[in-house]
Amino acid sequence: MSRNFRMKFALSLVIMAVMCLDACAKSGQEHAQLWNNVFGISDASSQENMMPLWRTAQEVIDETGNDYKDLQARFEWFTWGHYGHRLLFHWGFNADPKRYAPLVKQVRSCLKGRPDASEQERKFFAYLATNIQSRRN
């Protein structure tokens, strides 16, 4: 088995585990401990060896890069609101963002009172799915 295949397989397992866990916000260390518990990794040496994988998984899930700046450049009306990065980057890699209730609620809140609200919402979700989500996937 190639190293690349093993990394992809392990990352897939991590992502599946994350998707099955509760939705509470946790620190990086708390996530790593939870993942270790899920996979039965209990000894300190093994946990230490797994940390690079857990850090990579967290970066893939949490790192927004320039995505937020890109969205704000194209849709100046859009803001995080009280959600922060979880609003855009915790809906899952294959989920449909226009069906994620907190994101829809925030977009509609940002667009409230605008005569072009429906058109802007459609453009926002189309851009998000086509440009940002497809790249992140």
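Every number in this text was worked out from the coordinates using simple rules, so none of it is lab data. Remember, predicted model here, so these are calculated numbers, not experimental data. As a convention, Cβ positions derive from the backbone with ideal geometry for all residues, glycine included, and neighbour counts pool all protein chains shown.
Structural remarks
- Residue separation of residue 7 and residue 77 scaled by 0.36 nm, minus their Cα-Cα distance, works out to 21.3 nm of gained length.
- Calculated from backbone phi, Karplus (6.51, -1.76, 1.60) coupling profile of the range 125-137 in Hz, x at Gly/Pro: 5, 5, 5, 4, 5, 6, 9, 8, 5, 4, 5, 5, 4
- Förster radius 25 Å - calculated FRET efficiency between residue 112 and residue 66 (Cβ-Cβ, nearest 0.05): 0.40
- Model label sites at residue 96 and residue 59, defined 7 Å from Cα along the beta-carbon direction, differ in position by 3.3 nm.
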